[in-house]
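**Student:** Before we start, here is the structure in question, set down as structure tokens.
The values are calculated or read from the model by the stated rules, or taken from the named source; none is laboratory data. The structure displayed is predicted, hence computed values, not measured ones. Every residue, glycine as well, gets a Cβ built from its backbone with ideal geometry; the counts of neighbours run over all protein chains shown. For accessibility, only protein heavy atoms count, side chains too; no ligands or nucleic acids. Shrake-Rupley method; radii C 1.70, N 1.55, O 1.52, S 1.80 Å.
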Amino acid sequence: MARNETPLVMPGNSSCAGCGAVLIARLVTEAIGPNQIMVIPACCMGAVATSFPKATFNVPVLRTAFASTASFLTGLEASAKAKGQEVTLVGFAGDGATVDIGLAALSGAIERGHSFVYICYDNEGYMNTGFQRSGSTPRGAQTSTTPGGALGRYKAEPRKDIAKIVAAHGIPYLATASPAYPADLTRKVERAVAVKGPTFLHIMSPCPLGWGFPSANSVELARTAVESGLWKLYELDHGVLRLSLSPKKRKPVKEFFAPQSRFAHLSDDVYEELQRAVDEEWTTIEKEGFSLRCETSRA
Amino acid sequence: MTSGRNMTATSAVAYAARLAQVDVVAAYPITPQTRIIEAIAKFVADGEMKAQFVQVESEHSALAATIAASSNGVRAFTATSSQGLLYMHEMMHWAASARVPIVMANVNRAVAPPWNIYGDHQDAISQRDTGWLQLFAETNQHALDMTLQAFRIAEDPRVQLPVMVNLDGFTLSHTYEPVVVPEPEVVNRFLAPRPAVDWLDVEHPKTINGVVSPEHYIQFRALQKDAARRALVVIEEVGEAFAEQFCRDSGGLLSLEQVSDAEIVFVALGSAASTIRSMVRAWRSVGRKVGVISVRSYRPFPDAKMAEALAGARVAVVWDRAYSFGCGGPLAGEVKGALYGRESRPVVLSAVGGFGGAPVGPTELEKALEWADASMQGRPVPLETWFGVKAYRDGRTPDGKE
Amino acid sequence: MKEVRIHGRGGQGGLTAARIVANAMLKDGKNAQAFPEFGPERRGAPVRSYLRIDDRPILLRTPVTAPDAVVVMDATLLERRDTVLGIKPGGLLVVNARECPKVAVSVAVRIAWVDAMGISASLFGRQIPNTAMLGAWCRVDGIVGQAAMETAIREWFPAKHAEKNVEAARRAWDSVQVADLAASATAEAAKGETAFAYLDDYPIVATAYPGEGGAGRTGSWRVTDPVVDSERCVRCGRCVTACPEGVVVLTEDGVTIDLMYCKGCGICALECPVKAIRSGEVGA
């Protein structure tokens with residue numbers, strides 16, 4: 001294990017200052033350790049993975065095309081079985097590669113029950129290509145393809161909830177996590193590695209450039225998302241659903257939205273509406289317990 | 001005296017995958033390929049084949065999974081047809097540029113719309129520039145033999161490129177004819193285990209196929225180009241080794257019949273070449289100097305060998321079961337390219353037809369011979385003819401690119 | 001034809017400066033071509049932009065390798081040899097600096113400097129040096145007159161930002177200084193990757209090996225330095241866990257930060273529960 005003395009994510013890589021995704025990559029990679037093979041599709045971490053001939057990750061990484069993270073994991077699992085190889089297979093993909101273009105492959109791979117850890121670091125849009133909207137961009141966000149403009153065309157639709165979609169497959173283990181709660185994140189990654197069959201982690205990944213906030217605030221913003229009740233930390237372990245954390249005194253949701261330039265156009269009316277929606281959701285959770293039922297409308 | 005068993009080309013390919021001791025098969029069903037993966041699934045279910053068989057949710061994922069498995073050092077196989085091959089297109093480029101020695105059977109089928117499940121070559125030809133090597137089988141025996149050879153070619157350290165074995169939908173895939181299935185011990189002597197690769201070694205971690213700058217990018221393309229050219233040598237070597245071991249000629253770059261003294265030479269891919277052989281034998285019996293070249297390796301394209309083979313002919317009739325719209329028959333274009341700058345070369349007539357299961361049979365071939373005769377006699381003839389196409393109401397035919 | 005190369009960092013607005021000049025040229029009936037260094041832009045990472053100006057339509061479509069002028073939006077970029085590489089004899093080097101910067105050039109050039117950082121900080125409260133650099137560059141280069149430059153700036157920015165940017169350009173126009181700079185270095189391109197001198201040096205697929213500094217010494221991206229107060233530090237390790245780059249290390253003596261690669265994001269300072277890390281001025 002001498003290799004552990006050197007970092008598993010090398011410093012001086014090409015990630016932006018304050019990048020949430022590379023922080024998540026470091027926490028995840030360190031939690032799993034050197035006996036892993038990573039698959040990274042087109043996404044921010046795909047770009048960060050190499051500055052040829054130097055590699056950022058100190059574990060084997062197989063780069064793949066945008067839609068193919070889960071199908072690469074499928075093939076790797078089959079080959080590992082054929083070779084009798086014991087290794088953790090990790091998919092590390094952004095939200096675009098997961099909830100949009102790679103969704104069919106992900107769904108198929110989970111349904112077939114292959115053993116892998118799939119990490120979706122969710123920076124809520126196509127950040128590597130200049131902040132276009134994805135299916136995971138929250139309602140109201142300004143992106144380069146929902147620019148607002150004279151007609152106020154911001155993203156009009158609520159994000160799709162990938163964790164619920166994944167849960168609907170009856171996946172053995174699913175969790176949400178946040179880089180602001182590294183101990184919780186690490187524990188969940190370790191659990192995912194231990195579980196046989198497909199596992200999925202959905203991790204909020206603040207993006208200073210795309211979301212428009214100072215790079216120092218990445219972790220703080222991720223924490224505010226949890227403390228305001230917007231980003232729920234939970235896990236679904238073989239059918240048992242559990243909240244990892246219930247913020248006792250929730251911060252106003254405005255504290256999450258207001259520092260980000262992509263929400264700069266939101267009025268107090270909207271904040272009140274967003275606050276009301278979150279409050280209602282948590283009132284229900286407190287009354288009826290936490291569930292993954294489908295709300296008709298989400299923030 | 002015929003040996004072997006009557007079986008379809010799809011069964012023959014499944015036996016080849018089993019004999020090659022493939023480790024991973026990832027595939028998605030499509031007519032007429034389905035019988036290959038059904039047969040493999042049965043072999044695996046009966047414990048006769050040790051492979052990990054995964055039926056995935058799309059062809060894009062089928063090839064992606066096959067690439068990943070091959071990147072991890074095992075022998076990987078897949079099969080598809082038509083729409084499925086087109087759906088793989090992104091991963092087709094990926095497989096070749098990632099230098100994984102995958103073998104894929106492509107059961108040639110027309111491309112929609114309109115919907116048609118029967119044979120032609122538009123699917124394979126549309127993948128021409130992906131970097132795959134492409135072999136074409138004339139018979140069910142070829143389908144088996146070429147699949148075995150394909151692994152040895154693909155895995156050769158001088159090549160390390162994926163190989164597509166093309167077999168015509170229905171004409172081969174659903175036709176029962178005698179096929180000799182070799183003994184596993186004999187196959188093992190022909191096909192060694194795949195050489196090891198260390199791309200995903202956790203003890204020596206590295207990142208494969210990441211971003212590179214313009215300065216470096218073209219270097220990888222150049223290495224790939226040279227590997228594809230080296231395959232010209234390797235395919236011949238492997239074909240000769242196969243012939244020696246199994247006493248059958250079912251490999252190599254081109255198969256020539258009655259070409260050396262022929263005035264008219266037909267050039268074709270796949271099962272059409274077999275039909276043309278039968279016609280050539282009939283024409284020869286009545287004294288016609290006609291020959292045929294079966295193009296067994298479409299990629300790499302044996303341009304020098306093609307030019308040499310055609311040097312003595314007066315007319316070459318190149319049969320395409322695919323088309324490059326706004327340009328012409330793809331194989332005809334490549335034959336012409338091969339003849340560029342050669343002093344001794346035939347007139348090239350481009351015959352187009354046999355799309356969507358339409359026949360390339362005696363009727364079409366007799367007409368083609370008349371056309372070649374007319375050309376040879378110096379009469380004005382179109383350089384391209386579409387066979388089996390109706391005339392417009394005003395009498396115009398769609399035949400002519402003058 | 002006049003060719004200009006702008007060296008800046010992602011987020012400093014180098015391309016914007018080039019495009020504003022290009023727009024001014026268009027009004028003047030000239031042809032201009034402004035383009036970025038193509039590729040992903042990372043905030044803080046060195047990035048180039050290019051500008052060509054001519055009376056005739058510009059057909060050349062390659063990066064500028066022999067610039068008539070080099071504009072350097074961030075003086076720390078002068079440490080990179082490629083910043084002044086290829087500059088023409090008698091060319092112009094415009095640098096964002098308070099004093100005449102020390103730089104070795106292989107041919108005699110004119111050097112101009114202006115405190116664009118200071119101007120930008122006082123007007124915007126942030127370091128966006130591009131319009132100040134534009135003012136200094138236009139003045140010493142003479143490519144655009146002051147009035148045309150200010151019109152182009154006004155037309156570029158939304159009304160609420162326009163006047164401040166015009167003011168930044170005007171202050172730089174008034175305060176830029178110029179001197180002659182003699183040749184003092186040999187003209188030699190930075191050595192390329194000698195590991196890949198020949199085609200057979202390459203593996204068959206792009207294979208990258210783990211290594212520090214893939215993107216270079218990313219410490220040069222910093223606009224603030226993390227400053228550790230070891231007396232205050234309680235060794236809790238939160239900064240270690242929260243550092244995206246993994247360059248914060250907890251030792252017996254407290255926290256040490258590898259400044260060669262620290263990008264200066266400031267997360268460690270914000271996350272420190274006892275305020276033992278603060279964001280200070282670079283190199284202070």
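**Student:** Run A:GLY75 past the list (1) in a helix (DSSP H, G or I); (2) surrounded by 24 or more Cβ atoms within 10 Å (Cβ to Cβ); (3) in contact (Cβ under 8 Å) with a residue 12 or more places away in the chain; (4) at the interface with chain B (Cβ under 10 Å from one of its Cβ atoms) and report the number of the one that doesn't hold.
**Tutor:** (3)
So that you can scan it fast, the table gives a plain yes or no per residue for (1) within 14 Å of chain C (Cβ to nearest Cβ); (2) open to solvent by less than 10 Å² (accessible area, probe 1.4 Å); (3) part of a helix (DSSP H, G or I); (4) not charged (D, E, K, R):
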| position | (1), (2), (3), (4) |
| --- | --- |
| A:ILE203 | yes, yes, no, yes |
| A:TRP211 | yes, yes, yes, yes |
| A:GLU235 | no, yes, no, no |
| A:LYS248 | no, no, no, no |
| A:LYS251 | no, no, no, no |
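**Student:** Among the residues that make up region C:51-65, is at least one of them closer than 30 Å to C:ARG126 by Cα, at pLDDT below 95, not in a loop (DSSP other than H, G, I, E, B) and not assigned by TED's automatic domain parsing to the domain that holds C:LYS263?
**Tutor:** For region C:51-65, residues closer than 30 Å to C:ARG126 by Cα, at pLDDT below 95, not in a loop (DSSP other than H, G, I, E, B) and not assigned by TED's automatic domain parsing to the domain that holds C:LYS263: absent.
**Student:** Take A:THR199 and decide whether it is within 30 Å of A:THR146 (Cβ to Cβ), open to solvent by less than 10 Å² (accessible area, probe 1.4 Å) and either of a type in the set (Val, Ile, Thr) or under 16 Å from the mean Cα position of the chain (by Cα) (or both).
**Tutor:** No, not satisfied.
**Student:** For residues in region C:27-64 being surrounded by 11 or more Cβ atoms within 10 Å (Cβ to Cβ) and among the polar types (S, T, N, Q), which is farthest from C:GLY219 (Cα to Cα)?
**Tutor:** It comes out as C:ASN31.
**Student:** Among the residues in region B:76-83, are any surrounded by fewer than 24 Cβ atoms within 10 Å (Cβ to Cβ), part of a helix (DSSP H, G or I) and touching a residue at least 12 places away in the same chain (Cβ under 8 Å)?
**Tutor:** Within region B:76-83 (the criterion being surrounded by fewer than 24 Cβ atoms within 10 Å (Cβ to Cβ), part of a helix (DSSP H, G or I) and touching a residue at least 12 places away in the same chain (Cβ under 8 Å)), the answer is yes, since at least one residue qualifies.
**Student:** Can I ask one more? Looking only at region C:125-157, how many residues end up being open to solvent by 40 Å² or more (accessible area, probe 1.4 Å) and assigned to a helix (DSSP H, G or I)?
**Tutor:** Residues meeting the conditions: 8.
**Student:** Then there's this: Filtering region A:17-48 down to residues that are more than 20 Å from C:PRO46 (Cβ to Cβ) and small (Gly, Ala, Ser), which residue is farthest from the other protein chains (Cβ to nearest Cβ)? Before you say what the answer is, go through the steps one by one.
**Tutor:** First pass over region A:17-48, keeping only residues more than 20 Å from C:PRO46 (Cβ to Cβ): A:20-21, A:23-43, A:45-46.
Keeping just the survivors that are small (Gly, Ala, Ser) gives A:20-21, A:25, A:31, A:33, A:42, A:46.
Details: A:GLY20: 7, A:ALA21: 8, A:ALA25: 9, A:ALA31: 11, A:GLY33: 10, A:ALA42: 10, A:GLY46: 8 Å.
Among residues in region A:17-48 that are more than 20 Å from C:PRO46 (Cβ to Cβ) and small (Gly, Ala, Ser), the one farthest from the other protein chains (Cβ to nearest Cβ) is A:ALA31.
**Student:** For A:GLY12, indicate whether it is more than 11 Å from chain B (Cβ to nearest Cβ), open to solvent by less than 10 Å² (accessible area, probe 1.4 Å) and touching a Gly at 6+ places or on another chain (Cβ under 6 Å).
**Tutor:** yes
**Student:** If you don't mind, another one. Looking at (1) within 23 Å of C:THR76 (Cα to Cα); (2) within 13 Å of chain A (Cβ to nearest Cβ); (3) surrounded by fewer than 18 Cβ atoms within 10 Å (Cβ to Cβ), which is the one condition that is false for C:VAL227?
**Tutor:** Just one mismatch for C:VAL227, condition (2).
**Student:** Out of the residues in region A:47-72 meeting the condition of being among the hydrophobic types (A, V, I, L, M, F, W, C) and in contact (Cβ under 8 Å) with a residue 40 or more places away in the chain, tell me which one is nearest to A:SER15 (Cα to Cα).
**Tutor:** Here the answer is A:ALA47.
**Student:** In addition: Go through region C:230-239 residue by residue and tally those that are more than 10 Å from every other protein chain (Cβ to nearest Cβ), open to solvent by 30 Å² or more (accessible area, probe 1.4 Å) and not polar (S, T, N, Q).
**Tutor:** 5
**Student:** Next question. When you scan region B:99-216 for helices (runs of 4 or more DSSP H) that lie fully inside it, which ones turn up with 2 or more residues that are of a type in the set (Asp, Glu) and either at negative phi or assigned by TED's automatic domain parsing to the domain that holds B:ILE36 (or both)?
**Tutor:** B:140-155
**Student:** Residues of region B:31-42 being crowded, with 20+ Cβ neighbours inside 10 Å and either in a loop (DSSP other than H, G, I, E, B) or of a type in the set (A, V, I, L, M, F, W, C) (or both), which ones?
**Tutor:** Matches in region B:31-42: B:PRO32, B:GLN33, B:ILE36, B:ILE37, B:ALA39, B:ILE40.
**Student:** What number of residues within region B:54-72 satisfy the criterion of being under 23 Å from B:GLN149 (Cβ atoms) and either more than 7 Å from every other protein chain (Cβ to nearest Cβ) or part of a strand (DSSP E or B) (or both)?
**Tutor:** Within region B:54-72, residues that are under 23 Å from B:GLN149 (Cβ atoms) and either more than 7 Å from every other protein chain (Cβ to nearest Cβ) or part of a strand (DSSP E or B) (or both) number 3.
**Student:** For A:VAL226, work out the one condition from (1) under 18 Å from A:TRP282 (Cβ atoms); (2) assigned to a strand (DSSP E or B) it doesn't fulfil.
**Tutor:** So A:VAL226 meets the others, but not (2).
**Student:** To continue, here is another question. Consider B:ALA227 against the criteria (1) assigned to a helix (DSSP H, G or I); (2) within 12 Å of another protein chain (Cβ to nearest Cβ); (3) of a type in the set (Gly, Ala, Ser); (4) more than 22 Å from B:ALA124 (Cβ to Cβ): it satisfies all of them except one. Which criterion is unmet?
**Tutor:** Unmet condition: (4).
**Student:** Across region A:120-135, what is the total count of residues that are out of contact with any Lys or Arg (no Cβ under 7 Å at 6 or more places or on another chain), surrounded by fewer than 21 Cβ atoms within 10 Å (Cβ to Cβ) and more than 12 Å from every other protein chain (Cβ to nearest Cβ)?
**Tutor:** The number of residues fulfilling the criteria is 1.
**Student:** Here's something else I'd like to know. Quick one: is A:VAL61 at pLDDT 95 or above, within 25 Å of A:PRO206 (Cβ to Cβ) and more than 9 Å from chain B (Cβ to nearest Cβ)?
**Tutor:** no
**Student:** Got at least one residue in region B:9-17 being under 20 Å from A:ALA105 (Cβ atoms), part of a helix (DSSP H, G or I) and more than 14 Å from chain A (Cβ to nearest Cβ)?
**Tutor:** no
**Student:** OK, next. Quick one: in region C:194-215, which of the residues that are over 14 Å from B:ALA222 (Cβ atoms) and part of a loop (DSSP other than H, G, I, E, B) is farthest from the other protein chains (Cβ to nearest Cβ)?
**Tutor:** Filtering first and then ranking leaves C:ALA197.
**Student:** Restricting to region A:81-93, give me the number of residues that are more than 7 Å from chain B (Cβ to nearest Cβ) and over 25 Å from A:PRO11 (Cβ atoms).
**Tutor:** Residues flagged as more than 7 Å from chain B (Cβ to nearest Cβ) and over 25 Å from A:PRO11 (Cβ atoms) within region A:81-93 amount to 4.
**Student:** Any residue at all in region A:219-228 that's touching a Lys or Arg at 6+ places or on another chain (Cβ under 6 Å), crowded, with 19+ Cβ neighbours inside 10 Å, on the phi > 0 side of the Ramachandran plot and away from chain C (no Cβ under 14 Å)?
**Tutor:** No, because not a single residue in region A:219-228 is touching a Lys or Arg at 6+ places or on another chain (Cβ under 6 Å), crowded, with 19+ Cβ neighbours inside 10 Å, on the phi > 0 side of the Ramachandran plot and away from chain C (no Cβ under 14 Å).
**Student:** Here is a follow-up. Name the pairs: first residue in region C:217-241 and closer than 16 Å to C:LEU270 by Cα, second residue open to solvent by 70 Å² or more (accessible area, probe 1.4 Å) and assigned to a helix (DSSP H, G or I), Cβ to Cβ under 9 Å, at least 6 apart or on different chains?
**Tutor:** C:THR241/A:ALA183
**Student:** Now a separate question. Of all residues in region B:315-333, which are part of a helix (DSSP H, G or I) and crowded, with 19+ Cβ neighbours inside 10 Å?
**Tutor:** Step one: of region B:315-333, the residues part of a helix (DSSP H, G or I) are B:330-333.
B:PRO330, B:LEU331, B:ALA332 - these are the residues of region B:315-333 that are part of a helix (DSSP H, G or I) and crowded, with 19+ Cβ neighbours inside 10 Å.
**Student:** Can I ask one more? Assuming A:ARG112 fulfils every condition listed in (1) over 19 Å from A:ALA175 (Cβ atoms); (2) buried (at least 24 other Cβ atoms within 10 Å of the Cβ) apart from one, which condition is it?
**Tutor:** (2)
**Student:** Can you name every residue in region C:252-284 that is surrounded by 22 or more Cβ atoms within 10 Å (Cβ to Cβ) and more than 13 Å from chain A (Cβ to nearest Cβ)?
**Tutor:** C:VAL255, the sole residue that qualifies.
**Student:** Given (1) polar (S, T, N, Q); (2) within 14 Å of chain A (Cβ to nearest Cβ); (3) surrounded by fewer than 19 Cβ atoms within 10 Å (Cβ to Cβ), where does B:ASN188 come up short, assuming only one miss?
**Tutor:** (2)
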